[in-house]
Structure formats: structure tokens, C-alpha cells
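So the structure is just underneath, and the comments pick up after that.
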Amino acid sequence: MAVVNSIDNIITSSQVFGGYRRLFIDRISGSTTTATNASGYTTAQRYPNAITLPSSFGTGVNGIVFTRIDMLNEDGTTGMLCGIEYDLGTLTISGSVFADGVAMPVKNIFGKSIQTCADMVFLVVTSALTATNPVITVTYTDQDGNTGNTAQLTVPSSAAAQSAFMVYPHLANNDTGIRDVTNLSTSTGTGGTIKAYGLLVLNAINFGTSLVYSRMNPLTYPSVPYIATSSEKLAFYRLHATTTNNIVAVVSGVADY
Amino acid sequence: MAVSTRNELLQNKAKGYGLWNQSFLVGPGSGTTSAAATSGFHTMQLGFNSIGTTLPGTRVSVLTVPQMPDNALPFFLSKMLTSSRGMWLAYIYKLGTQVLTSTGDQFTHDAATFPILRTVYGQASQAITLIPLINVTTATTTTAPQLVLETVAGGNGYTDQDGNGTRGTKTFIFPAAATAINTCLMLQIENTDVGVKDILAIRTTTAAVAGAADIWGMEPLVPVSTFTGSINGFTDTMFGGMLLPSLKPGVATSGTATQNLCVIYLGSTSSPGAPELYFQAGLVT
């Protein structure tokens, strides 16, 4: 049963299985690097830690549907994202060595088995780069299953750890999504590591001044009700900022049964 | 195959047939000039993606994928502004440029041939109607320029919403002798008209000492809720009004139109504070 098919289902689920609730605090401890029009067009940061969901659920529970996600960071005029995150692969800059990760998963969405594409893919610097403007080539499988398409980003020189660069503005023409990253490569660079993370976005928040914000309510606004399964990770991103930062987040969900 | 249910659109979104985009926008960066009754009534500014844009000449569209596929329907938008004003998501198509420092026939049409074409109600290549805008690219000085949508010889200035060649009779008067750069105004068309399919000629009847402008045609897509500053505005185009315009730009009749997916700021002359916009879209496939 898709718990999100009705509010009644959610109430029932909460009573029968109890709700899922996690508090999350984390810090970006160093300044990150501003994006350019060759590296995503939107400046972003990834908080270094993530929430790992329980490794197993009770009998009859398929997963968690997140009904409410609140995120607060300490600075205004920024954006926040929370999503189920997948490690699609890692590039060690020195020697251009690629270690493959996972592909985007199959999810049950409104009763139909769907091969998902990431809503967003970020190249996240996990160890500071020492290259001069490395050109990163992302080889990927697109939304139709076509393999070998590429996107190229020229990452800023010496990009700092936790800097995140959006891939989708650089997709091949007519592409709208990535199912899998099959290779990451660079022709230059001597140090640093980059990970490609795919995100199924659960919620986004825009902050004004004085930390005034509103969150999208996933139950009342149209959004894809992704069902998170055991051991999956929830990650958090901050957009339009490069400064050190703390996040406080509360994620709440109910069992899909 | 047509998408017939909300669930199918969201399933398509999950398959990758859709968009999730988050743009941080930029406006003029300095104050613009308020419109007046003889300059279109509506005070406007154009906004683009903050990274890569240097107004007025270099514009980066609101972020999408590089080439928008057919039938991308935005179903949810959110905006944040720290200053109060309205905001529309819109396409703008460049019609041409206008010299403001000399009188006479001073409009130069863009190389692309208008009207802009779209599929409308299942009919391909239908000419769409645009709202004509003039955007100041060099601030005017000394004298407020005046324009009429006609030629010196009395020829037509525009093609109206029905395809009729029309000679304008109204005089558009810039709102100030010193109209600021990046001020965006609505050109005046005849009382019986609601838009244009093309601009044919614009006569500068009174010249400024300095000044220049681009002429654009605006195709509004979605109004993104209007609230006071620092209040997030949500626009649910699936349940809140069933407004599902295609996000794919229209095309020129021939040639390639210069176009941008942008936001139109309404009702303020101050530079917009920290504008943010994110939206989701699903594709009909």
C-alpha cells in the first residue's frame, strides 16, 4: 500500500508502526568554492555527514515516506536541499582513477516500479583539489538508458572540500536525467578527490533574511513521494553560499506498508 | 502518450523525464526608473541566473537542462525575495534594438524572423502573441526619448495579435530624462490590441543625448506568488489553478531567435534582494 495515497493511511501508519523522526546537526568547517558558468551555475555545499536509515524495518514495512523535513542553517538568503543520496562514483584526480559506485535505484512510486534518475547530481569535492581548473568528464547513462553520454565541467582551481557542483546544466542536449555514472575522468590535476552524488530530492527550502523561511510540504504540494528503504542515506546541501556553516534539521516520516 | 494523471506526471519526473532546478537570480543590481502612464504603467525589471549574467548584455537563463525537451510542464515553483514585488517566470524573445540618440526610423530587427511559433491546442507552428517590452541598455541623459510604433513615412509599426499590420498612434515617453540602465517598460500599443506578433518599425520622435535599448517580446509562463519580502512564495500549478505551460521555448519563423527563460520583476525600482527560484517539471512523454 502506498501510504501517501491518503491522509487516512498516514494516520493509520503512524498508529500501527509509529513515526520515524531524526534530528541532524552538522557543520561545514571550512569555506568552499564558488561555482562558475562552467561548473554548475549555482554555488553549493554538501554537509559532510548524512543520516543513515535503519538497516531493517519491522514486518510489513516497505520503507519510509518523509512527510515533513525542517532545515535551518545559520545564514539567510540561501537555499537548502535534503534528499536520498546515492554514491555514483569517485574520481581520484591524481592519475584520473575512477571507482564506480551504485546506479540510481528502482523505486515503487504510486504502485509502479520506476527506474529512477537522480533529480540532481552533484560533483562533490571530498578532498581538496590541487589542480588548475580540472576539466571533469562525467560519462553517464541517461533517462532513456542510453549509455556513454557525457557532461563536462571545468571545476574551479583548488576547489575546497565540501564544494558541490551541479552537473545537470551541462548534460548533453535532450537529456534530462542521469541513471548511472559510468566514468569520471580528468586530463589534469595532481591531488584531490571528487564524488558524484545522485539525489532524489525530498524537500527544499529557500531562506530570506533573518532566517525567514518556508518549507515545501511534500504532502500538499506536488512532489514525488520517494520511499526510502533500509540503510539508505539522507544528505543535506546548502546553496548559494561558501561560508562555514551549521545545520539543524529534523526529518519526520511514516512507514510505507 | 499523453499524461492523464497527476501520478503519471510524478512517475515521469522520477524516471528522469522532468526537471528539478534551483536558480539564484540576479536583477539590475542598482535602482531602475518607475514607469508612468505614458511609459507602460508597469514598473518592471528582468532577472536571470546570477552566475554568468552581466546585465544588460550577458544573460544566463533561469537554470534548466541545456536543451529543453518537448512538453516540459512546470508543476511546482517556489521563490524567495527579500524585497517585496511580484514575479513571473517568462520567456523573452529579442525583437531588435532601438537607437534613442537620433530621431527617425531607429529600430533594427533581430536577424530571426518573427512571429514566434508554438504548438497550440494540438496545432503545430502557431504564431503566438507577445507583450512588447523595451529594456534600457544604456541610461538616457538630458531628454526623455519619445517613440511611436510607426515609420517616418507612416508605415506600420507592429503586427497585432490577429496578424494585422498596425500603425501606432500613441507616443511612448520615457519616464525620465535620466532613465536608468536596466529599466524595463511595456511599449504602448493601440487600445484595441492586446499584444504583438512582431515589431516592424519604431520611430524615435524625440532623441536623448545618450541612451540605447533592446526590444523584447515577453511570453508569460507562470506567475510566482506575490508576497511581502522574505516570505517564501509557492506556486502549485498542478492543483492551484492548473496552469501547465510548456517550458520549451517557442521558435522563430526562420532563423534562431535570441531568447531567455527569465523572471520579470514587477512593481519595484529597487534591485531585488537575493532572489531565489526553484521549480519542478515533468515531461509528457
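Just so you know, all these numbers are worked out from the coordinates, no wet-lab data involved. All figures in this text were calculated on a predicted structure; none of them were measured in a lab. Glycine gets a Cβ as well: all are built from the backbone with ideal geometry, and neighbour counts include every protein chain shown.
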- Message: How many angstrom lie between the Cα centre of region A:29-48 and the Cα centre of region B:109-133?
- Response: 38
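With r as the distance between the Cβ atoms of A:Val106 and B:Tyr121 and R0 = 60 Å, compute the FRET efficiency 1/(1 + (r/R0)^6) and round to 0.05.
Working: r = 37 Å, r/R0 = 0.61.
Efficiency for this residue pair is about 0.95.
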- Item | For the protein assembly as shown, calculated [θ]222 nm from helices alone, where every DSSP H run of n ≥ 4 adds -39500 (n - 2.57) | -1000 deg cm²/dmol
- Message: Can you give me the distance in nm between label points at A:Asp75 and A:Ser185, each placed 7 Å from the Cα along the Cα-to-Cβ direction?
- Response: 3.7
- Task: Quantify how strongly other chains surround peptide A:31-41 by giving the mean number of their Cβ atoms within 10 Å of each of its Cβ atoms.
- Result: 3
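Sort B:Asp70, B:Asp160 so the one with the fewest other Cβ atoms within 10 Å of its own Cβ comes first.
Details: B:Asp70 12, B:Asp160 19.
Listing B:Asp70, B:Asp160 from fewest to most nearby Cβ atoms yields B:Asp70, B:Asp160.
Assuming R0 = 41 Å, what is the FRET efficiency of A:Ile11 and B:Ala176, from their Cβ-Cβ distance, to the nearest 0.05? Provide the component values of the computation, followed by the final result.
On the way: r = 60 Å, r/R0 = 1.46.
So, using R0 = 41 Å, E works out to roughly 0.10.
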- Hey, got the average number of other protein chain Cβ atoms within 10 angstrom for residues in A:113-124? 3
- Starting from the Cα of A:Ser94, step 7 Å along the direction of its Cβ; do the same at B:Thr169; then give the gap between the two resulting points in nm. 8.0
- Semi-axes of region B:1-62's equivalent ellipsoid from the Cα gyration tensor, sqrt of 5 times each eigenvalue, largest first, rounded to whole Å? 36, 18, 8
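Under the rule a/c < 1.5 gives rounded, and otherwise a/b versus b/c splits prolate from oblate, where does region B:132-285 land using the Cα gyration tensor? All intermediate terms of the calculation are to be shown ahead of the outcome.
Working: a/c = 2.32, a/b = 1.40, b/c = 1.66.
Oblate, because a/c is 1.5 or more while a/b does not exceed b/c.
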- Item | Approximate spin-label separation A:Ser127-B:Val251, in nm, with each point projected 7 Å along Cα-to-Cβ | 4.9
- Item | Prolate/oblate/rounded label for the protein assembly as shown (Cα gyration tensor, a/c 1.5) | prolate
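Grab the alpha carbons of region B:14-159, take their convex hull, and tell me the volume per residue in Å³.
Values: hull volume 25.4 nm³, N = 146.
Hull volume over Cα atoms, normalised by residue count, gives 174 Å³.
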- Got the relative contact order for chain B handy, in percent, Cα pairs under 8 Å and 6 or more residues apart? 39
- Within a 10 angstrom radius of each residue's Cβ in B:4-15, how many Cβ atoms of other chains show up on average? Whole number is fine. 6
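Once the other residues with Cβ under 14 Å from the Cβ of B:Thr237 are scored (Lys, Arg +1; Asp, Glu -1), what is the net sum?
Details: positive: B:Arg6, B:Lys13, B:Lys79; negative: B:Asp236.
With Lys, Arg at +1 and Asp, Glu at -1, the net is +2.
Can you bin region B:41-80 into rounded, prolate or oblate? Criterion: square roots of the alpha carbon gyration tensor eigenvalues sorted a ≥ b ≥ c, rounded for a/c under 1.5, prolate for a/b above b/c, oblate for the rest. Present the calculation step by step, with values, prior to reporting the outcome.
Numbers: a/c = 2.04, a/b = 1.32, b/c = 1.55.
Verdict is oblate for region B:41-80.
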